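Structure record follows, encoded as structure tokens.
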Amino acid sequence: MAMAQPAGGFGGFQAPQVKLETSQEWKDVNYAGDDQAYHTCDIYLPKKEQASYPVVIHIYGSAWFSNSSKGMADLGTIVKSLLDAGFAVVCPNHRSSMDAKWPAQIHDIRAVIRFVRGEAKKYKFDTKFIATSGFSSGGHLASTAATTSGTKQTKVGTVDIDLEGNVGNYLNESSSVNAACDWSGPIDLTAMDCGESMKMGENSPEDVLLNSKLAKEPDKYLSLSANTYVDKNDPPIIIFHGEKDNVVPCCQGKAFFETLKAAGVKTEATFVPEGSHGGPAMYVEENLQKMVNFLKALL
């Protein structure tokens, strides 16, 4: 979600400009086969050279308001830790809520996943393992990609939702993932007032994304919620949420954890007592290592 605040605003806490240790990098690669900047991604390969690398797609936070923040996608924290641990990292842009309404955003992320499979040889991707990760609204998209993994279309109450879309050149590739990391993501968009958090004013980010109101079209908000789609076939998901998060209340992460456990999905959660929305307390070495260990155990 991430409304502007001193700890880092829309994108959460960003370490100062970092020089990532990589063997190869590609910037502004278009994953959709068009000429739109919101359909580009940056690709980073670990410093230690290998024939191929497991992949994590890491998605920036912006309350779905940004279509061009891939260069601010937690590079000095989450991305650096993943690279150091031997994962290739793909940081994509995606359409904002101003460019297109839901479910366009998940269509873009699905296109990135299919692109990773379709271009695996060129970029040394090992497609036996592809995970999504994200902070805030990026955590929402990463989690939704996981809980809808393998589901192309479904009905949520009165809403028929196409989760796959037709973005990009690799429509025959799978858009399923093997794991997800949720950093401070909004998960149940029908219950954003579950805890103490800042008031979003007349229109919340999710109102803008759906062009609606919860009271008017609750099923639309359910169709936006990652927890709506949870079932026992979902890939493993690790959750990090700050107990002092005043943007996306921590009860979002806690409820997601309980929903996943109840469904029998492999999950772990860390709720950081002093953690704010993307503040430095979230990205301590211990948490970054937990993420890495969780993903590595699945390889």
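We did not get these values from a lab; they are worked out from the coordinates using the rules stated. As the structure is a computational prediction, the values presented were derived from the model and not from experiment. Neighbour counts are summed over all protein chains in view; Cβ atoms, including those assigned to glycine, are modelled from backbone coordinates with ideal geometry.
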Open item on the list: As a test of the formula, what do you get for the chain when each DSSP H run with n ≥ 4 contributes -39,500 (n - 2.57) and the sum is divided by the residue count, at 222 nm and rounded to the nearest 500 deg cm²/dmol?
Closed with: -7000 deg cm²/dmol
Open item on the list: Under a Cβ-only charge scheme (Lys and Arg +1, Asp and Glu -1), can you give me the dipole magnitude of segment 9-296 about the Cα centre, in debye to the nearest 20?
Closed with: 640 debye
TODO: Note down the magnitude of the dipole of segment 112-253 about its Cα centre, charges +1 on Lys and Arg C-beta and -1 on Asp and Glu C-beta and zero elsewhere, to the nearest 20 debye.
DONE: 600 debye
Open item on the list: Please list 3J(HN,Hα) in residue order for segment 21-34, calculated via the Karplus relation 6.51 cos²θ - 1.76 cosθ + 1.60 where θ = phi - 60°; whole Hz, with x for glycine and proline.
Closed with: 8, 9, 8, 8, 9, 10, 10, 6, 7, 7, 8, 10, x, 10
TODO: Under 16 Å Cα to Cα from K101, which aspartates and glutamates show up? Leave out anything in the same chain fewer than 8 places away.
DONE: D160, D162, E164, E206, D207, E217, D219
Open item on the list: Between L298 and L20, what is the label-point separation in nm under the 7 Å Cα-to-beta-carbon projection?
Closed with: 1.9 nm
TODO: Quote the charge dipole size of segment 15-114 about the Cα centre in Debye, to the nearest 20; the model charges only the Cβ of Lys and Arg (+1) and of Asp and Glu (-1).
DONE: 180 debye
Task: Charge dipole (the chain, unit charges on Cβ, about Cα centre) - positive-most of V29, G139, G185 - done: V29
Task: Förster radius 25 Å - calculated FRET efficiency between K122 and D84 (Cβ-Cβ, nearest 0.05) - done: 0.60
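Among L295, L141, L214, L224, what is the fewest-to-most ranking by other Cβ atoms within 10 Å?
Working: L295 24, L141 30, L214 18, L224 27.
Exposure proxy ranking, most exposed first: L214, L295, L224, L141.
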Task: Over segment 125-249, equivalent-ellipsoid semi-axes from the Cα gyration tensor in Å - done: 25, 19, 12
- [ ] Could you quote the convex hull projected area for the chain, Cα atoms only and averaged over all directions, in nm²?
- [x] 13.7 nm²
